[in-house]
Amino acid sequence: MAHDSIITIRTFNNLAEASIIQNKLANEGIESFIENENVMGLNPSGGVELKVLAQDERSARLIVEE
């Protein structure tokens, strides 16, 4: 796995939930990305993906699981 690849750490049912976790990650200095936020209106069952760089995956997963 490339060190700079992007990993999906969790899929959320709505943008608000994903944003809360994204803020927690930012507070810990972990950059994250939300993908598919604009698709939710078209496909509500699809989910919003929260992604981080592979190098931050372990730390990010610990924060998400809190």
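The values are calculated or read from the model by the stated rules, or taken from the named source; none is laboratory data. None of the values given here were measured: they were computed from a predicted structure. Neighbour counts run over all protein chains shown; Cβ positions are idealised from the backbone, glycine included. Accessible surface is based on the protein model in full, side chains and every heavy atom, while ligands, DNA and RNA are left aside. Shrake-Rupley method; radii C 1.70, N 1.55, O 1.52, S 1.80 Å.
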Legend entry - Close pairs from region 5-25: first closer than 15 Å to residue 59 by Cβ, partner small (Gly, Ala, Ser) and open to solvent by less than 80 Å² (accessible area, probe 1.4 Å), Cβ under 6 Å, at least 6 apart: 7/54; 9/60; 22/32; 25/32; 25/60
Inset, instruction - Please work out if residue 10 is open to solvent by 70 Å² or more (accessible area, probe 1.4 Å) and at pLDDT 95 or above. - result: no
